[in-house]
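Q: Could you have a look at this structure, given as structure tokens, before my questions?
Values in this text are rule-based calculations from the coordinates and carry no lab data. Note that the structure is a prediction, hence the values are computed from the model and not measured. Methodologically, a virtual Cβ is constructed for each residue, glycine included, from the backbone with ideal geometry; neighbour enumeration extends over all protein chains shown.
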Amino acid sequence: MERISAWQIGVLVFLLRFSQAIVSLTPPKYTTKGPDAWIGALIGTLVGLGIVWLIATTAVLEPNRTPIERWITAIGPVLGRIAGAIYVGIILLNTMLTVRMYGGLLISQPMPETPVEAFVVLLAAGACYAAWHGLEVTARVGEVVLPLVLVGVGVVFFLASRDMDPRALKPMLGWGWWPAIRTSLTPAALYFELLCVGLLLSRAANPKRAVRAALIGAAAAGVMIAGGSAGIVMFYGSEEARRIAFPLYDLARSVTVGDFLERMDPLFMLIWTMGSFVKVATLLWSVTLGLTQLLGLQERRPLVMPITLFCILTSLLLYDSQAEVTTLFSPQVLPWVVGPFLLGLPGVLALAELVQRQRQRRRRVAP
Amino acid sequence: MPTPGRRITDRLTGNLAHDTKRLRKVLEPCGDVAFRPFFAPEPVGLPAVLIYSKHNADKALLQREVLETLMIRALRSTPDAEALALVEQGLPVLHVESDSSISTVTDSVLRGNAALIVEGSATALLIMAKKPAARQVAEPSTESVVRGPREAFVEELEKNLNLIRKRLPTERLRVETTRLGKISRSNVVIVWLDGIADNGIVDEVRNRVMSIKIDAVLDSGYLEEFMEDSPFSPFPQIEHTERTDKLASALLEGRVGVLVDGSPYALMAPALLVHFLQSSEDYYERFILATSVRVIRFGALLISLLAPSFYVAITSIHQEMIPIGLALRLAGTREGAPFPVFVEALLMEAAFEILREAGIRLPAPVGQAVSIVGGLVVGEAAVQAGVANPITVVIVALTGISSFALPAYNLAFSLRLLRFPILAISAAMGLPGLAVACMVLLTHLASLRSFGVPYLSPFGPARFGEWKDAVLRAPWWAMLLRPRMARGRTRRIGRHQKPRPPVGN
């Protein structure tokens, strides 16, 4: 069985949450009023961390077992498989969305003449290769990519910092807590990207340390998103930031390195591609492992290619325009679509396991 | 005296005529083996035959120390000693072995030693009279350094082992010899440091070496392909060296060496990607210089792999990245160009590779002239003819020069191969294509193992403690522990050795 270290779990969790955020920092976009996107992002992170904590701490009670196996044990083979199928379905949806959004940005900004299919196939096929090799290999790739992502994002913010105005963040909570809380719904809901943490933890070499690493990874991503949101608002102002589809990408376009590098966005695209690659590979691994267990198969690898093909085809049918994505990720839609699953799946599983444990304890006590 | 039976065995019988006949049957067709029958006077008082290789054996030694001793000088006799024991005790030759197997006798004679068989004895004396090899220890030709030892392995295994022993005169140095090759019967030696090398890795190397079935092993390169974890990968997974100090250093890091008789290159396993980017000199120069050079090498690796692809991607798809001045200049040079940038780069790359290959195969002075003059002439002619633009020539030349900055030729060659598919995908898909190609390559590297050790370590899996000797080279006094691939992270350097100026001055 594959085994990954706690550090690798932390890296994967960070990249799962942060990869998409590299270009499409959502909080400033979905703020209704005021410059408090970053506060919304922090609140969303706290909510998200709570959910990751629930997923991780219950997973560590049953080390080496995936949520699918736990569902089947907790509520029986039929209901367990249905719940498992929903769980895998959500991860699959996340995979499709990630792949589609990658293509969506590339055709909307830097390469409008290339068909979206080309980018979707490019990313999915590459990630398929990593998913075929498994979690250990994907985690190692993640370890190499992480510093590049951090340095890339850091450099963009550093170069943009001379044009940032901290006054744009004022008045802090000038419209009260409500706009910030409302903004936090999308970042919190986006933690559905970390539902697969349960699967990752089943392969942790040291589950207890892995839980801590997963929480640190998720928190670090959340804090960076919040910091990034503040940076975007300081650079563009809260009104302008709300109108930009891909704020961080646009920020990268705005910065220059002396008179030599006049456009940083293609380099930023490299970093984003690398992050998305690791994310999609991890998600594909999770989906194929989940399906293997749902279908009672022995081997995961034969599923990788068909699932990738399915992802490519369905992701192209997900939406037609960027406006639809903006609507999907808005606080009015995303939290209500994924929220029930995000809270329900780990919550019900934890509850079912608790009931099961109490029953077992009672049985042991009864003569 | 044993009577020869009808059953043919591999053993000597003690019947001199019979044994000689059998050995003649095997060895005489070779054409270079001589049989010298003689009578050894009292106290031996028996007929004997000396068998030796005409070209490889040291005939002067055999004449002086064997024949003259046995035929002219009187041997001192020990009462009741057997004839063979008398001879063995009396011969003034340093290294004498005895064996009763015909195949061993045959093998020893063919390797340049001499065999002495005496009437009545079913055992032959093997006199190690092999002539020393002609080539002396010389400077390494492919791994030269500005500062550091200048000893390279030679084609003679014994000499190579002596060179290692000279550097590591410790009882921990283990040498295990085996013989490979049905026809060549080459001696293959596995060396490691006991207590430092991981036993699992030593066993794995031993198993892989032992399981090789081949007719001949003419160089250590033959074994390399049998021993790799992923034979279809373009990346080398076993390192080779002709430097004795490099092998000694590898052994001190817990790696295992394999030497083959007749090959001046030792194999070292496990081999990680970073090992191919390190040079012996890194450890002989001060750490600041060594670290800078390593960073340059990593840069050279990226340039040699990605520069043409990046150039093609930005000039054909992401022109917005190029500063306006340069973009205008590029547009000017490309006016009327018959080929797209991708084809230009591909043609120039192909031309460069052909020139380089031609330069390697030709004699050194001619080869240099061909590669330098050829490169200049072809590049200049291509620009003059309007087939390529000057910037493409500059990029291709930079790529070629960068690949020479890599210390390992086999890694540089892998990168040369991979450059072409990456170039194609970058031309088609721009920087996203380049990024995905890099990620696929990275995934491949992350999936590789060398004798079970992840190829990308210490970066993936991250082993932060070992970063001190990866891209960076920490000062010697700070590299306290051996790499983890050794048997645990054992200490190699004492604590608190950072030099300080004397107190009180």
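Q: What residues have an amide H closer than 5 Å to that of B:S450, excluding those fewer than 5 places away on the same chain, when H is modeled at 1.01 Å from N in the peptide plane?
A: Residues meeting the amide H criterion: B:Y455.
Q: Calculate one ³J(HN,Hα) per residue across segment B:23-35 by plugging θ = phi - 60° into the Karplus curve 6.51 cos²θ - 1.76 cosθ + 1.60, and present them in order as whole Hz with x for glycine and proline.
A: My calculation for segment B:23-35 gives 5, 4, 4, 7, 8, 4, x, 5, x, 10, 10, 10, 10 Hz in order.
Q: Ranked by Cβ crowding within 10 angstrom, fewest neighbours first, how are B:D194, B:D261, B:D99 ordered?
A: Exposure proxy ranking, most exposed first: B:D194, B:D99, B:D261.
Q: Per 5 Å bin, what is the whole-percent P(r) computed from every C-alpha pair distance within segment B:76-170?
A: Going out from 0 Å in 5 Å bins, segment B:76-170 shows 2, 11, 16, 15, 14, 11, 10, 8, 6, 3, 2, 1, 0 percent.
Q: As an exercise, identify the trypsin sites (Lys or Arg not before Pro) in segment B:264-308 lying in DSSP coil whose Cβ has no more than 15 other Cβ atoms within 10 Å.
A: When the trypsin sites (Lys or Arg not before Pro) of segment B:264-308 are filtered for loop state and at most 15 Cβ neighbours within 10 Å, B:R286 remain.
Q: Give me the dipole magnitude in Debye, nearest 20, for chain B about the Cα centre, with unit charges on the beta carbon: positive for Lys and Arg, negative for Asp and Glu. If you can, show how the numbers build up before the last one.
A: Numbers: 56 positive and 50 negative charges, 211 e Å.
Its charge dipole is roughly 1020 debye.
Q: List, largest first, the extents of the alpha carbons of chain B along their principal axes, each in whole Å.
A: Taking the Cα atoms of chain B, the three principal extents are 101, 69, 46 Å.
Q: Next question, about the same structure. So, with +1 on the Cβ of K and R and -1 on the Cβ of D and E, and no other charges, what is the size of the charge dipole of segment B:316-357 about its Cα centre, to the nearest 20 debye? Mind showing how you got there, number by number?
A: Numbers: 3 positive and 6 negative charges, 33 e Å.
For this selection, approximately 160 debye.
Q: Turning to a different aspect of this structure: Output the DSSP H helices from chain A with an along-axis C-alpha extent of no less than 30 Å and a mean Kyte-Doolittle hydropathy no less than -0.5. Can you show the working numbers first?
A: Values: long enough: A:37-61 (36 Å, 2.05); A:77-108 (45 Å, 1.39); A:135-160 (36 Å, 1.96); A:207-236 (43 Å, 1.14); A:265-294 (42 Å, 1.18); A:334-365 (46 Å, 0.19).
Those that pass (Cα extent of 30 Å or more, hydropathy at least -0.5) are A:37-61, A:77-108, A:135-160, A:207-236, A:265-294, A:334-365.
Q: Could I ask something else about it? Could you derive backbone 3J(HN,Hα) for segment B:439-452 from the dihedral phi with the Karplus parameters 6.51, -1.76 and 1.60 (θ = phi - 60°), listing whole Hz in sequence and x where the residue is Gly or Pro?
A: 5, 5, 5, 4, 4, 4, 4, 5, 7, 7, 9, 10, 6, x
Q: Using Cβ counts within 10 Å as a stand-in for footprinting exposure, how do A:H133, B:H18, B:H95, B:H496 rank, fewest first?
A: B:H496, B:H95, B:H18, A:H133
Q: In segment A:151-202, if every C-alpha pair distance is counted and binned at 10 Å from zero, what percent goes to each bin?
A: 18, 22, 37, 19, 4
Q: Taking every alpha carbon pair in segment A:233-305, what does the distance histogram look like in 10 angstrom bins from 0, in percent?
A: 17, 27, 22, 17, 14, 4
Q: Any chance you could give the angle, 0 to 90 degrees and rounded to 10, that helix B:157-167 forms with the longest Cα principal axis of chain B?
A: 70 degrees
Q: Sticking with this one: Rounded to whole Hz and in sequence order, give me ³J(HN,Hα) for segment B:296-313 from the Karplus expression 6.51 cos²θ - 1.76 cosθ + 1.60, θ = phi - 60°, writing x for Gly and Pro.
A: 4, 5, 5, x, 4, 4, 5, 5, 5, 8, 10, 4, x, 5, 5, 4, 5, 5
Q: Considering chain A as a Gaussian network with a 10 Å cut-off on Cα pairs, which listed residue, A:L295, A:L343, A:L334, attains the greatest mean-square fluctuation?
A: Maximum among the listed residues: A:L295.
Q: Next question. What FRET efficiency do you get for B:A138 and B:E68 if R0 is 30 Å and r is their Cβ-Cβ distance, rounded to the nearest 0.05?
A: 0.25
Q: Which of the residue pairs B:K54/B:K213; B:K130/B:K166; A:K279/B:K468; B:K25/B:K159 have a Cα-Cα distance greater than 27 Å in the structure shown?
A: B:K54/B:K213; A:K279/B:K468; B:K25/B:K159
Q: In nanometres, what is the gap between the two model label sites at B:L110 and B:L376, each 7 Å from Cα along Cα-to-Cβ?
A: Between B:L110 and B:L376, the simple spin-label model gives 5.3 nm.
Q: Which of these, A:A323, A:A218, A:A41, has the largest mean-square fluctuation under a Gaussian network model of chain A (Cα springs below 10 Å)?
A: Comparing A:A323, A:A218, A:A41 in the GNM, the peak value goes to A:A323.
Q: 222 nm [θ] for chain B, helices only, -39500 (n - 2.57) per DSSP H run of 4+, per residue, to 500? Can you show the working numbers first?
A: Values: 14 runs with 210 residues, N = 505.
Rounded to the nearest 500, it is -13500 deg cm²/dmol.
Q: A further question follows. Using only Cα atoms, figure out Rg for chain A and give it as a multiple of 2.2 N^0.38 Å.
A: Rg over 2.2 N^0.38 Å, computed on Cα atoms: 0.99.
Q: Further question on the same structure: Among residues other than B:A34 whose Cβ falls under 10 Å from its Cβ, what is the net charge (Lys/Arg +1, Asp/Glu -1)? Don't jump to the answer; show the numbers that get you there.
A: Working: positive: B:R36, B:K54, B:K59; negative: B:E28, B:D32.
Neighbour charge sum, excluding B:A34 itself: +1.
Q: I've got another one for you. Could you tell me which residue out of A:L159, B:L301, B:V49 lies farthest along the dipole of the protein assembly as shown toward its positive end? Charges go on the beta carbon: Lys and Arg +1, Asp and Glu -1, centred on the Cα centre.
A: With unit charges placed on the Cβ atoms, the residue in question is A:L159.
Q: Select from segment A:245-291 those chymotrypsin sites (Phe, Trp or Tyr not before Pro) which occupy a DSSP coil region and have at most 15 other Cβ atoms within 10 Å, ordered by residue number.
A: Taking segment A:245-291 and a limit of 15 other Cβ atoms within 10 Å, the loop chymotrypsin sites (Phe, Trp or Tyr not before Pro) found are A:F260.
Q: Using the Cα centre of segment A:263-367 as origin and beta-carbon charges of +1 (Lys, Arg) and -1 (Asp, Glu), tell me which of A:P340, A:L351, A:L317 is placed farthest towards the positive end of the dipole.
A: Result: A:L351.
Q: Where the only charges are on Cβ atoms (+1 Lys, Arg; -1 Asp, Glu), what is the dipole of the protein assembly as shown about its Cα centre, to the nearest 20 debye?
A: 2700 debye
Q: Let me ask something additional. I need A:M305, A:M269, A:M1 ordered by Cβ neighbour count within 10 Å, fewest first.
A: Going from sparsest to densest Cβ surroundings: A:M1, A:M305, A:M269.
Q: Determine which aspartates and glutamates satisfy two conditions relative to B:K59: a Cα distance under 15 Å, and not lying fewer than 8 residues away in the same chain.
A: B:D32, B:E68
Q: Would you mind pulling out the separation of the Cα centroids of segment B:238-297 and segment A:63-113, in Å?
A: Measuring centre to centre over Cα atoms gives 46 Å.
Q: Report, by chain and number, residues whose modeled amide H sits under 5 Å from the one on A:F329, excluding near sequence neighbours (fewer than 5 apart, same chain).
A: none
Q: Right, something else. In segment B:349-505, with Lys and Arg counted as +1 and Asp and Glu as -1 at Cβ, which of these residues, B:G400, B:G430, B:L480, has the Cα nearest the positive end of the dipole, that is, farthest along it?
A: The residue sitting farthest along the positive end of the dipole is B:L480.
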